[in-house]
Amino acid sequence: MSDIPYFDSRAAFALRVRQASADLYEQMDECLQAHGLILPAYTTSLVQTLHHIGPQSVAALADELNLSHQLASQRLKWLVNEGLVEIGDDPDDRRRRQVKLTAAGKREAQKLQAFLPMLERAYSDVFDEIGVDLHRGLIEARTALQTRSLLARMPPG
């Protein structure tokens with residue numbers, strides 16, 4: 001329990017989500033390494049998207065994952081440095097840059113496909129233990145906030 005007002009209340013929800021996110025990424029990194037993947041957790045959604053959708057522009061990847069262009073570029077930089085993706089000219093539009101998995105990236109993506117069902121089971125175990133499907137709850141909370149913002153839910157002031 002905290003002596004700081006509202007830290008133990010719903011007013012600190014965003015803080016708790018950020019803390020949980022940091023814990024999840026740290027633990028997911030441990031799981032990925034334990035299962036022979038070199039990917040950091042923060043890159044898995046990019047690799048998954050490229051694996052299933054194919055080559056994309058940085059902007060299209062950012063849009064698909066609802067990331068800022070800057071954040072997507074930062075995360076891609078790690079993948080480029082590790083030789084898992086390459087960024088080159090888009091054959092359909094020379095003004096755009098296209099991101100695609102390399103042969104090594106495709107192998108890592110295949111390992112990721114085998115890892116994801118195990119991750120799914122681990123999260124299910126957590127959700128069963130606490131009696132709340134946090135995945136579904138966060139999707140529903142995000143939809144609710146996109147429909148009606150926090151500001152719209154507060155009294156005027």
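For Gln98, which sequence-distant residues (separation of 5 or more, or a different chain) have an amide H within less than 5 Å of its own amide H, given hydrogens modelled in the peptide plane?
Gly88, Asp89, Asp90
Got a sec to turn the phi values of the range 120-136 into Karplus ³J(HN,Hα) couplings, 6.51 cos²θ - 1.76 cosθ + 1.60 with θ = phi - 60°, whole Hz, x for Gly and Pro?
3J(HN,Hα) across the range 120-136, in whole Hz: 4, 5, 5, 5, 4, 4, 4, 5, 5, 4, 8, x, 9, 7, 4, 4, 4.
May I ask you to give the average projected area over all directions of the convex hull of the Cα atoms of the range 22-65, in nm² rounded to one decimal?
Over every viewing direction, the Cα hull of the range 22-65 projects on average to 3.5 nm².
For a paramagnetic label modelled at 7 Å from the Cα of Leu145 toward its Cβ, which residues of the range 19-62 fall within the zone defined by backbone nitrogen distances under 19 Å?
Once the point is set 7 Å along Cα→Cβ of Leu145, 19-25 turn out to lie under 19 Å by backbone N, inside the range 19-62.
If you average 1/r over every pair of different alpha-carbon atoms in the range 1-133 and take one over that average, what Kirkwood value in Å do you get?
Values: mean 1/r = 0.0598 Å⁻¹.
Final number for the Kirkwood radius of the range 1-133 is 16.7 Å.
I need the calculated FRET efficiency for the pair Gln19 and Leu65, taking r as the beta carbon distance and R₀ as 25 Å, to the nearest 0.05.
The computed FRET efficiency comes out at 0.70.
Probe 1.4 Å, all protein chains in place: accessible area of His52 in Å², nearest 10?
120
The values are calculated or read from the model by the stated rules, or taken from the named source; none is laboratory data. What you see is a predicted model; the values in this text were computed from it and never measured. Reconstructed Cβ throughout: ideal geometry from the backbone, glycine too, with neighbour counts over all protein chains shown. In case anyone asks, the SASA skips ligands and DNA or RNA and just uses the protein heavy atoms, side chains included. Shrake-Rupley method; radii C 1.70, N 1.55, O 1.52, S 1.80 Å.
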